[in-house]
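Notes to accompany the following structure.
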Amino acid sequence: MSAHKPSPFRGRWLLATIGVALLCALFLTLGFWQLQRLGQKRAANALILARMQEPPLTLSGQVLDPELTNLRRAVVRGSYDYDQEIVLRNRTHNEIPGVHVIVPLRIAGSDAAVLVDRGWIPYEMAEQTQRAQFRDAAGEVEVSGILQQSQVRPGRVAPADPPLGPDRPRLDAWHRVDIPRIQEQVPYPLLPLFLEEAQAADATDAPARRFPRAAPEIALSEGGHLGYAVQWFAFAGILVGGYALFFHQRSPRT
């Protein structure tokens with residue numbers, strides 16, 4: 001009686017086949033997950049482009065829906081409250097370390113204010129007395145820019161802003177624009193989004209110094225999701241093809 005023809009689905013090959021099948025399923029799952037992420041990124045980019053094409057919002061102090069107004073262009077009139085000015089730590093510009101200056105703008109005709117990211121300055125100018133040279137003259141101004149959602153701590157390993165208390169009534173330097181946290185030290189209501197100020201095309205040198213910033217950049221990259229998906233699918237194909245070749249070479253010939 002002739003011996004059974006070797007099969008990868010029985011005998012000593014069965015466990016190896018199961019292992020290869022499970023690993024292949026994992027690779028395929030990761031590949032489809034990357035394609036799903038790509039679809040989400042493309043949908044998000046389409047939403048951003050649609051919002052950027054909408055006419056600018058005029059901020060009047062009314063409460064905004066962060067989900068509906070995030071990344072919308074906006075314009076607002078009001079007066080800067082430099083007594084409540086803060087900075088964001090660890091920001092770079094052309095690879096030079098520095099900070100971003102955040103100032104509440106008291107909205108004209110309203111009790112509310114919106115935090116405005118005015119731009120970057122180098123670390124050596126980050127102290128309160130030094131950054132005063134970047135302030136506009138007192139009075140009402142019109143500011144345009146892009147609305148951004150309040151920023152949250154991305155994870156436990158990210159640095160945290162210390163809590164406020166009797167021994168620490170306010171912070172001058174923050175890691176992120178966490179509006180609910182910043183609200184704790186500001187005596188008037190803040191809008192739930194902040195405004196990243198856009199540099200006017202015809203800006204003059206009329207304060208003594210200007211913030212070295214360009215118009216806010218909105219990243220529309222699709223990332224590496226497509227490449228990662230192709231990579232995972234390739235791994236699955238190589239694994240199956242390699243296992244089939246290995247099985248063929250190691251199986252006894254009849």
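The values are calculated or read from the model by the stated rules, or taken from the named source; none is laboratory data. No experiment lies behind these values; they were computed from the predicted model shown. FYI the Cβ positions are ideal-geometry reconstructions off the backbone, even for glycines, and counts take in every protein chain you see. Only protein heavy atoms, including side chains, enter the accessible area calculation; ligands, DNA and RNA are left aside. Shrake-Rupley method; radii C 1.70, N 1.55, O 1.52, S 1.80 Å.
Here are a few things to note about the model shown:
- Taking the criterion of being over 16 Å from LEU193 (Cα atoms), part of a strand (DSSP E or B) and either modelled with pLDDT of 95 or more or open to solvent by 10 Å² or more (accessible area, probe 1.4 Å) (or both), the residues of the stretch 94-114 that qualify are ILE96, PRO97, HIS100.
- Flag if PHE27 is open to solvent by less than 40 Å² (accessible area, probe 1.4 Å), assigned to a helix (DSSP H, G or I), at negative phi and of a type in the set (Phe, Trp, Tyr): yes
- Annotation: of all residues in the stretch 37-66 being polar (S, T, N, Q) and either assigned to a loop (DSSP other than H, G, I, E, B) or surrounded by 12 or more Cβ atoms within 10 Å (Cβ to Cβ) (or both), the one that is modelled with the lowest pLDDT is ASN45.
- Selection within the stretch 142-160 - open to solvent by less than 30 Å² (accessible area, probe 1.4 Å) and either within 16 Å of VAL116 (Cα to Cα) or in contact with a Leu (Cβ under 6 Å, 6 or more places away or on another chain) (or both): VAL143, GLY145, ILE146, LEU147
- For the stretch 118-130, the criterion of being of a type outside the set (Ser, Thr, Tyr) and closer than 18 Å to PRO192 by Cα is met by at least one residue.
- For first residues located in the stretch 67-93 and open to solvent by 30 Å² or more (accessible area, probe 1.4 Å), partners that are among the hydroxyl-bearing types (Ser, Thr, Tyr) and lie 6+ apart or on another chain with Cβ distances below 6 Å form the pairs VAL75/THR58; VAL75/SER144.
- The condition (being crowded, with 18+ Cβ neighbours inside 10 Å, more than 19 Å from the chain's Cα centre (by Cα) and not in a strand (DSSP E or B)) is satisfied by just one residue among ARG176, ARG181, ARG131: ARG131.
- Within the option set ASP117, ASP161, ASP83, being part of a strand (DSSP E or B) and either modelled with pLDDT of 85 or more or over 19 Å from THR69 (Cβ atoms) (or both) holds for one residue only, ASP117.
- Test: residue in the stretch 129-136 that is closer than 23 Å to ARG181 by Cβ and at pLDDT below 95: yes
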